[in-house]
1. Relative to the isolated chain, which residues of region D:75-115 have their accessible area cut by 10 Å² or more in the presence of all protein chains (1.4 Å probe, heavy atoms, no ligands or nucleic acids)?
2. Please state the shape class of region D:106-163: rounded when a/c is under 1.5, otherwise prolate if a/b exceeds b/c and oblate if not, all from the C-alpha gyration tensor.
3. If the label for E:T108 sits 7 angstrom from Cα along the Cα-to-Cβ line, what are its distances to the same label in every other copy, in nm to one decimal, shortest first?
4. Would you mind pulling out the separation of the Cα centroids of region D:114-157 and region D:1-66, in Å?
5. Give the nm distances, rounded to one decimal, from C:R81 to the matching residue in every other copy, measuring between label points 7 Å along Cα toward the beta carbon; shortest first.
6. Once the whole set of protein chains is in place, how much accessible area is left on F:S106, using a 1.4 Å probe, in Å² to the nearest 10?
7. Among F:E129, F:E16, F:E37, which one shows the highest mean-square fluctuation when chain F is modelled as a Gaussian network with alpha-carbon springs under 10 Å?
8. Ballpark to the nearest 100 Å², how much total accessible area do D and F bury together, probe 1.4 Å?
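The values are calculated or read from the model by the stated rules, or taken from the named source; none is laboratory data. Remember, predicted model here, so these are calculated numbers, not experimental data. Here the Cβ positions follow ideal geometry from the backbone for every residue, glycine too, while neighbour counts run over all protein chains shown. All accessible areas refer to the heavy atoms of the entire protein, side chains included, with ligands and DNA or RNA removed. Shrake-Rupley method; radii C 1.70, N 1.55, O 1.52, S 1.80 Å.
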There are 6 protein chains.
Amino acid sequence: MPIVEAHILEGYAPQEKSRLTRALTDAVRFVVPAPDEAITVMLHEYPKEAYARGGEHRDPAPARPDPVALVTRYRAAMETRDLNTAEACLGEGFEMVFPASHSMKSLTELIDWAKGRYRFVKKTTEGIEAFQAGGSSIVFVRGTLAGEWPDGRPFSSIRFIDRFEVVDDRITRQDVWNDLGEVRSA
Amino acid sequence: MPIVEAHILEGYAPQEKSRLTRALTDAVRFVVPAPDEAITVMLHEYPKEAYARGGEHRDPAPARPDPVALVTRYRAAMETRDLNTAEACLGEGFEMVFPASHSMKSLTELIDWAKGRYRFVKKTTEGIEAFQAGGSSIVFVRGTLAGEWPDGRPFSSIRFIDRFEVVDDRITRQDVWNDLGEVRSA
Amino acid sequence: MPIVEAHILEGYAPQEKSRLTRALTDAVRFVVPAPDEAITVMLHEYPKEAYARGGEHRDPAPARPDPVALVTRYRAAMETRDLNTAEACLGEGFEMVFPASHSMKSLTELIDWAKGRYRFVKKTTEGIEAFQAGGSSIVFVRGTLAGEWPDGRPFSSIRFIDRFEVVDDRITRQDVWNDLGEVRSA
Amino acid sequence: MPIVEAHILEGYAPQEKSRLTRALTDAVRFVVPAPDEAITVMLHEYPKEAYARGGEHRDPAPARPDPVALVTRYRAAMETRDLNTAEACLGEGFEMVFPASHSMKSLTELIDWAKGRYRFVKKTTEGIEAFQAGGSSIVFVRGTLAGEWPDGRPFSSIRFIDRFEVVDDRITRQDVWNDLGEVRSA
Amino acid sequence: MPIVEAHILEGYAPQEKSRLTRALTDAVRFVVPAPDEAITVMLHEYPKEAYARGGEHRDPAPARPDPVALVTRYRAAMETRDLNTAEACLGEGFEMVFPASHSMKSLTELIDWAKGRYRFVKKTTEGIEAFQAGGSSIVFVRGTLAGEWPDGRPFSSIRFIDRFEVVDDRITRQDVWNDLGEVRSA
Amino acid sequence: MPIVEAHILEGYAPQEKSRLTRALTDAVRFVVPAPDEAITVMLHEYPKEAYARGGEHRDPAPARPDPVALVTRYRAAMETRDLNTAEACLGEGFEMVFPASHSMKSLTELIDWAKGRYRFVKKTTEGIEAFQAGGSSIVFVRGTLAGEWPDGRPFSSIRFIDRFEVVDDRITRQDVWNDLGEVRSA
C-alpha cells in the first residue's frame, strides 16, 4: 500500500506508460512513506468506444513528450552552437535570465551577452530533475562548468544550475545560476 | 480522463490527502496533456481490518510531513539566527554548499564562512517547488536577496536559488546559488 | 454481470442513492439482457477531501429532485385548481400544448382554453415513466379521464397521456394528448 | 464526477458499447446535476476466462438490439403497408390501442378499424425517446400527421404520440394518441 | 501483485473480515507464486443503500461462523463426554465413520462402538486446516492419541486425522482415521 | 455480492485463471454465505508496462502448477511402480509417514517397509481436496483400498486418506492413514 490505479485511453507507448507509473509512484512517496516495494501502480487502458465523457467518446491526447528529452536536445545544440536546432526548442514568449543579466528574449542576445565572459565553456551534468507544476513541466539541471577565461586561464568545477519551464514541448523560460562571478572575482 | 484511484489506509488528515491528490494530479499532467477539469483523483480509504498485505493487517505509516513546511521553518530560523531551531531541522550527515564554498557540515561553519560577504541579507521568496525523487523530497526555493555589503552599500534584487534534500522530515543537504559574486565584481 | 460502480461525493440521501442505483440498473438492462439478479450496482462515496478534479476539492451538487414528485405535485394542484402551487412548479419559458390547442404560456390561458370542453375532469393514473434525456428529465404520465361534458352527460375511461420536460426542478414544457375529441365526435 | 465503471463480458460491438455509455450517462444525470463534461463512463471488458459467477465462466448474452431500430423498421413497414415485415416485428401477445379504439391484436384488425378514418396518412417524426423499465424497453415516438380525410380534404400538422413496449426485440404493445378526433370534429 | 479487491456489504465484524482477507490471500497463493508481501487484499464495504442487485437493496447475510471454532467446541465436548453440547454441534443427517466402523448416526452409537477399544483416549492436536469446497466448509484436524488399552497398558503418539464437513454452522459429517489398529495388532 | 476483483499480470493460461477464479470464489464462500449465483470474480490483467511495483515493471511469475495434477501423477507412478517418475515428483527434504511407520525419506525405504503388509493394493479415489496454507499447497486424497493380504486372501473397501504437502511443484511430505491395521486385526 498504497495502490494507485490510473484509467487512461489506449494509445500511449510503453515508455510513456513507464513515465506515468514512475511519476505516480513518486507522487505517492511524496506523502506516504511506504517502502518502495509496497507501492503499486496499475494502468487501466480503454479503447475509445469503452470510454465516454459527457456521453461522448474521446480521442486520446498524444502524450506530453518527455521534457527532459527536450531540454537535453536544447542544451546539446547550444553547446555546439547549432542555433537552428536550439531555436526550434523554444516556445512563444521565451525568456531567459543568466547570472546578473537582464531578461533576454533570443539566443543571439544571449551570445552577445556571454561574449567577454569566457572563451568557451563545457558543462558536466550531475543531476536532472523534472516534475510538473500546473500546466508547466519544470526541469532542473545542475552540474559543473569547465572552460577558459577570456585571458586564456582555465577554470573547472564551477557549479551551475539551470531551471527550464516547458509548455507544449517547448521551452518557455530558462533561468541560470552559477558560481562564475564568485570564482572570477576571487 | 485520466482518472486516478489511490487506495490508502485510513488515518491521514485532510490536508495530507489534499497534498496527495495534488501530487497525483501533477503526476498525471506530467505525461497526459488533459485539461485540468478532466483529471480526477479519488482516494479509497480502508480501515485497518479491511486491508491486508501478505495476509496481515497493517498500521498506516504516518504521512510524510510537508517538506515545504520544514524548509520554511529552517529558513525563517536562519534569517533570525535562531540556530537551535535551525539545527533541529537538519538530519544526520547534513551537508551544504554555498557559492564557491567548500562543503560545510554545520551552521556555525556556514556563519563563519559568510562573515565578510555581507553585513546582512534578507530573502524575498518568488517561488517554491517541491517534489519527490526516490526516497528524498526535493524543495527548490528561488527569489531575490537584499542587504548591505561589508562596506555598508546596499544591494537588492540579487537572484538566488536554494535546493534542499529532505529525508524523514530532516534536511540532509542544501545547495545555494546566487548572483552575489557577479554583482559584487561588476 | 454486468456490475456497475459509480463514484460520487458523499452527501446524497438514501432515497437519492436508491434512485441512482435503479436508474443505473435500467441503463444496463437497456443494452445487456442479463437476468435482474445478475445486475449489481455499487456506489463509492467520497468525503470531500478524498476527491479532486483538476487538483481541486469539490462540493457535491445537491441531487436533482425526483421529477416525478414535481409532476405529481403539479398535477394535484391543477386538479384542485390551486394555481399558486401549480405556477410554482413551472420554469421560465414554460410552454404547453393540449389537443389541437395552440401553444400556451400560462395556466390562466389554459383554463380559458379548456372552458367549454368539459364541466370537470378527473384523472386516473395508470403509469408514470421518467428518464433523463440530456439536460432534461422527461416524465410521461398516462391513464384515463372521467368527468362531465358541458351538457352534463358523464364520460369516463377516456385515455390520456401527458409528457413533461423538467429542468432544474421546474416544468418547462407540457404536452397532452387524449381521446376526448374522438369520443365527443363519436 | 460522478464516474461510472461498468464491468461487462467481451463481445459487444462498438455501437452497443456506445448505447451503454450513453444510457449510463443519462442515468447519472437523472439524479446528479453534474455538468456533462464531468460525467465519465468507463467499460471494463473481460474475456470469458477472466470472469466467473458462482465459480463458473459465462458466455456473454448478445446485446439487446436497439429498440429504436426495431420500432423504426416497424413504422416504415406500416407506412408502406408491408405487413409481412411489420408482423415480424411483433411479439407474442401483441396488443395495440388507437384513439378510442378497443384493444386490437392484429395488423389486419387495425387496418379494418382505420378504414374510413382517412384516405392515407404520413407521419413526420419530431422526437424519439427510448429507455428501459424493468424487463421492457419503452420507445416513445411523437410528431405530426398529414394526409387526406375520407372526403378528400387534406389535413396536416396533427400531433401524435406512439408508445411501444419492446421485449426480446419484439414489439409487445403499441399505444397511439393523436388529435385527429379533435381536428375532425372542429 | 496480485491485488484483490472484494466488495461486501457493511456489517461484518473485524475478525470476520480478517478471515476473509486471509482466505483470499491463500486463494491467490494457490495459483500465483507471489511473495507474501506482494499480495494485497482490500475490502470495500457498502452501506445497504449504496448497493443494489437487480435494482433492489439487500441486507447483508450474517457471516458464516468460523467452522474451526465449531469443530473445536465439538471436540472439547466429546473429550469431556458433554454429549448435550456435542449434539448441538451436529446438523441434520449427520453421519460419522470411524476406523473400520460402519456408518453411525448418533453419538451414543459411537460411544457404544468405542467401548472395548480403549479405556480412555486424549488427543493432542498438531494441525488444523480449514477451507471451503462448494457449499461445505471442510475442517481437517490431525495429531496424536494417548490413553490406555482395555487391559490398562498405556499407549501414546498414535497418529489420527479427522475430517469434518460443516454446513450452516453444523457438522454434517465426520470421518476418522488413526493408527490404533496398526499399533494394537503390532 | 460479494464481488471480487483480482489484478494480475498478463500471461496466465485460461485454465490457470479458472483455478484462480474458483479459489477466490471458495475463499469468499468460506466467510460470506452468499448464494453461488451472487458471487462474481473478475480478473484484471495488465501488460507488463501497465503495472509497476516500487516504480519498476515486473515480469509475471509463472503460475504455480496445479498441485492436484502433481499428486495424481505421483500416485499413478507409484501404483505402477514407475519409481523414476515418482521420484521426480518429490522435493528436497521429502518425508513420508505411513500407518505406524517411522518417518521415511525414500521410495525404496517405503517399498521395503510395505513388503509383508500386502501382496498388492489398488486405490479407488473418492475425493480430492486441495487448498493453500501459507507457502504450501495441501492436497488430501481419500478413498478405499482393495488387494490381497500376504496369505492371498482378498480385501477391499478399506478406507484410506493421504495428505500431501506441495512446495514449488514438488511433494515435500506425504502422510497416510488407513484402516488396514483395523481390518487385519479384526
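1. Buried on complex formation: D:V97, D:P99, D:A100.
2. Judged from the Cα gyration tensor, region D:106-163 comes out oblate (a/c at least 1.5, b/c at or above a/b).
3. List, nearest first: 5.8, 7.8, 9.3, 9.3, 11.4 nm.
4. About 33 Å separates the Cα centre of region D:114-157 from the one of region D:1-66.
5. Ordered by distance, the counterparts are at 4.9, 9.2, 9.3, 9.8, 10.9 nm.
6. 40 Å²
7. F:E37
8. The contact between F and D buries close to 1200 Å².
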